[in-house]
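The values are calculated or read from the model by the stated rules, or taken from the named source; none is laboratory data. Worth saying up front: this structure is predicted, and the values here are computed from it rather than measured. Counting neighbours? That spans all protein chains shown, and the Cβs are built from the backbone with ideal geometry, glycine included.
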Amino acid sequence: MTASPFDHPLLSGLLGDDEVSVHLGAAADLDAMAAFEAALARAEAAAGLIPAEAGPAIAGACAQFVPNRGDIRIAAARDGVVVVEWVRQLRAAVPEAHREYVHFGATSQDVIDTSLMVRLKAILSLFEDRLGRIVEALGVLDGRFGGNRLMARTRMQDALEISVSGRIADWRLPLQRHIDRLAAVREAVLVLQLGGAVGDRAKFGEKAGEVVALMAAELGLWAPDKAWHSQRDGMFACASWLAGVSGTLGKIGQDIALMALAGDGQIALAGGGGSSAMPHKSNPVAAEVLVGLSRYNSTLVSGMGQAMVHEQERSGAAWTLEWLAFPQMLMTTGAGLLLAERLLGAVEGMGA
């Protein structure tokens, strides 16, 4: 048992996803935080909220800024967030004449939420590509074996014969619907966060809309009418989509594991897993793990439902719960997509 099997030096061979984890690491987070502050400074300078020369000066410092992670780690234990110490260090890296304009009008949650959105945008694009490849792989299997027959089972009992194509359709169509839903998920969650201390953007005055629009355009995010500090329905919509994808992949894994168990020619798989005690075995490891990942994401999405309950304007407790659950959901979904693609590529035959 480990703290996280996703980045464990051994278990990551089964559950790791380097393409997702790089976006969830400290380096990517700090880079996205710097992108937020640079975009904020440029937008405020363009809107006349800070001196014109302060915008490029702060943005330039952000591009070169290398924070002291050790000091941030120590301060986070006191402050509950990494932004307080990080902004202190960033100010020290900006020419003195412009330091007072760093982070002007923003708050810690603005930086952290927007950093996540910048990175989530890349992760969702990655997931969309993987889903597309899995749908294509299922189409290939349908072309090769779709006309074959296999025994349908209802309530785990033999029922009537069906075509392999029929079972593949039950796997493929939900995945296509997940792809179709992704546009709405992106619109719901990939939203700039900018509200200031209590979410009312008070320091921006009548320039608030302009600053938000400029920042959103630079960062490639949606521009909200109001800060969503305590409005977490977008996060839950994304979490639900992730759990749905995992659920569909888990159904595929469960079906394939049961087909392999039947041993009557329903499916032939290459490269099964070995046993330390029974050398003759070829275990459907990827199929089994898909089931486990599906069930894990189903438990995590309930935590994201709990994290919607932000008391009043800002919550530390609910926000922390998101930090615990949401990255795990991303890693779980990513691992499942990788395993599903590998599993389908190992199918050598279906039906008779």
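Among the candidates Ala169, Ala208, the residue that is surrounded by 20 or more Cβ atoms within 10 Å (Cβ to Cβ) and assigned to a helix (DSSP H, G or I) is uniquely Ala208. In region 177-186, the condition of being assigned to a helix (DSSP H, G or I), surrounded by 14 or more Cβ atoms within 10 Å (Cβ to Cβ), touching a residue at least 24 places away in the same chain (Cβ under 8 Å) and out of contact with any helix residue (DSSP H, G or I) (no Cβ under 9 Å at 6 or more places or on another chain) is met by no residue.
When each of Thr299, Thr320, Thr248, Thr332 is tested for being within 30 Å of Asp113 (Cβ to Cβ), within 19 Å of the chain's Cα centre (by Cα) and at pLDDT below 95, the lone residue that passes is Thr320.
One residue is enough: does region 37-55 have a residue meeting the conditions touching a His at 6+ places or on another chain (Cβ under 6 Å), touching a residue at least 40 places away in the same chain (Cβ under 8 Å), crowded, with 21+ Cβ neighbours inside 10 Å and more than 30 Å from Val285 (Cβ to Cβ)? Looking for residues that are touching a His at 6+ places or on another chain (Cβ under 6 Å), touching a residue at least 40 places away in the same chain (Cβ under 8 Å), crowded, with 21+ Cβ neighbours inside 10 Å and more than 30 Å from Val285 (Cβ to Cβ), one finds at least one in region 37-55, hence yes. Number of residues in region 126-148 that are outside any helix (DSSP H, G or I) and within 15 Å of Leu173 (Cβ to Cβ) equals 1. Hey, any hits in region 187-204 for a residue that's loosely packed, with under 13 Cβ neighbours inside 10 Å and farther than 30 Å from Gly250 by Cβ? Within region 187-204, one or more residues are loosely packed, with under 13 Cβ neighbours inside 10 Å and farther than 30 Å from Gly250 by Cβ. Contact map, region 338-352: first residue closer than 13 Å to Ala260 by Cβ, second residue hydrophobic (A, V, I, L, M, F, W, C) and part of a loop (DSSP other than H, G, I, E, B), Cβ cut-off under 7 Å, separation 6 or more or different chains; pairs are Ala346/Ala270; Glu348/Ala270. Only one entry in Val81, Val118 is modelled with pLDDT under 95, within 14 Å of Gln193 (Cβ to Cβ) and out of contact with any Cys (no Cβ under 9 Å at 6 or more places or on another chain), namely Val81. Annotation for region 316-331: at least one member residue is in the same structural domain as Asp142 (by TED's automatic domain parsing), out of contact with any helix residue (DSSP H, G or I) (no Cβ under 8 Å at 6 or more places or on another chain) and among the polar types (S, T, N, Q). Every listed requirement among (1) surrounded by fewer than 20 Cβ atoms within 10 Å (Cβ to Cβ); (2) in contact (Cβ under 8 Å) with a residue 12 or more places away in the chain; (3) part of a loop (DSSP other than H, G, I, E, B) is met by Leu14 save one, (3). For the criterion of being surrounded by 14 or more Cβ atoms within 10 Å (Cβ to Cβ), at negative phi and of a type in the set (Asp, Glu), Asp29 passes.
Scanning region 56-86 for residues that are of a type in the set (Phe, Trp, Tyr) and in contact (Cβ under 8 Å) with a residue 40 or more places away in the chain gives a single hit, Trp86.
Against the conditions (1) over 15 Å from the mean Cα position of the chain (by Cα); (2) within 28 Å of Ala46 (Cα to Cα); (3) part of a helix (DSSP H, G or I), Ala227 satisfies every one except (3).
Identify, from the list Leu116, Leu90, the residue that is surrounded by 20 or more Cβ atoms within 10 Å (Cβ to Cβ) and either more than 30 Å from Asp18 (Cα to Cα) or not assigned by TED's automatic domain parsing to the domain that holds Val185 (or both). The match here is Leu90.
Ser315 meets the conditions (1) within 26 Å of Thr107 (Cα to Cα); (2) modelled with pLDDT of 95 or more in every case but one. The failed one is (2). When Val164, Val135 are screened for being in contact (Cβ under 8 Å) with a residue 12 or more places away in the chain, under 21 Å from Thr248 (Cα atoms) and in contact with a strand residue (DSSP E or B) (Cβ under 6 Å, 6 or more places away or on another chain), only Val164 passes.
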